[in-house]
Amino acid sequence: MFAQISIWELVSNAKPLPAAVMLLLVMISILSGTIIFAKWKALKKAMADNKGFLRSFRTSAGLPTVAGQVSQHPLCPLVSVFEFGYEEVDRQIRAGRGLRNRGSVERALQLGISEEMTKLDRNMNWLATTANISPFIGLFGTVWGIIDAFSALATSGSANIRAVAPPIAEALIATALGLFAAIPAAVAYNYFGHQMKEIATRMEDFSLEFINAAERHFGE
């Protein structure tokens, strides 16, 4: 009986096109899962490093002291922003005119923020694409399975459940795989997007703290 047929038997006996659709969805799901895990680790570490560096920054004796400690936070987004700003401050100080061009420092800090956000945004487009296209790929497999079922029904010449059940089952498996790939990608995209907004806000706030510290130590 059909009820005794396992999902694995249906998949292994699927025709070439439905099998290709299912294989594609499995590969998309695996790649998406790998990206989700890597992004989760990266954002978690970035947020933890930001807290540690911000604590050091606020308790330091001055910007030169902080500059000597940045090696302790090599992957911290705030460190990159700090380095962009400090390089511009140091350039102005070395020119012997003091900190006179606040606008240049602000632009340098914004460049640092932009660079870090570009890094954090890496592979996010893949999650968005997976969430958007996977259901449609699954739908394609579903439609093809239904067409195949009607074709088998026409060939058998009677409403025989044994003729239509396997292609319909393949169609439903394709639908399930499409949703299995799309739902985690959509959830992860929204969750990571919220975390990235928090990091961006933290970097914007830090840029203001950096300017205040620079003016306090080097301003006239």
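Read-outs throughout are calculated quantities, based only on the coordinates presented, and are distinct from any laboratory measurement. Values in this document were obtained by computation on a predicted structure and should not be read as measured data. Here the Cβ positions follow ideal geometry from the backbone for every residue, glycine too, while neighbour counts run over all protein chains shown.
Report, in deg cm²/dmol and to the nearest 500, the calculated mean residue ellipticity at 222 nm for the chain, where each DSSP H run with n ≥ 4 adds -39500 (n - 2.57) and the sum is divided by the residue count.
Values: 7 runs with 183 residues, N = 220.
Helix-only estimate at 222 nm: -29500 deg cm²/dmol.
Can you divide the C-alpha Rg of the chain by 2.2 N^0.38 Å and report the result to two decimal places? Mind dumping the intermediate values first?
Details: Rg = 27.7 Å, N = 220, 2.2 N^0.38 = 17.1 Å.
Against the empirical 2.2 N^0.38 Å value, I get 1.62 for the chain.
Considering lysine pairs in segment 2-218 that are 8 or more places apart or on different chains, how many have Cα atoms under 16 Å apart?
The result is 10.
Can you work out the Karplus-derived ³J(HN,Hα) for every residue in segment 169-182? Use 6.51 cos²θ - 1.76 cosθ + 1.60 with θ = phi - 60°, whole Hz, and x for glycine or proline.
The phi angles translate into 5, 4, 4, 5, 5, 4, 4, 5, 5, x, 5, 5, 7, 6 Hz.
Starting with the highest mean, order 124-132, 76-84, 53-61 by the number of other Cβ atoms within 10 Å, averaged over the residues of each peptide. Can you show the working numbers first?
Working: 124-132: 17.3, 76-84: 23.6, 53-61: 14.2.
Ranked from most to least packed, the peptides come out as 76-84, 124-132, 53-61.
Relative contact order for segment 2-218: what is it in percent, counting Cα pairs under 8 Å that are at least 6 residues apart?
After rounding, I find 32 percent.
Just subtract the alpha-carbon distance of residue 51 and residue 191 from 0.36 nm times their residue separation and send over the number in nm, one decimal. Write down the numbers at each step before the final one.
Details: separation 140, 0.36 × 140 = 50.40 nm, distance 1.97 nm.
So the chain would gain 48.4 nm between residue 51 and residue 191.
Roughly what would the spin-label model give for residue 40 and residue 139, points 7 Å off Cα along C-beta, in nm?
2.9
For residue 65 and residue 117, FRET efficiency with R0 = 35 Å and r from the beta-carbon atoms, rounded to 0.05? Please report the intermediate quantities before stating the final value.
Details: r = 27 Å, r/R0 = 0.77.
So the FRET efficiency works out to roughly 0.85.
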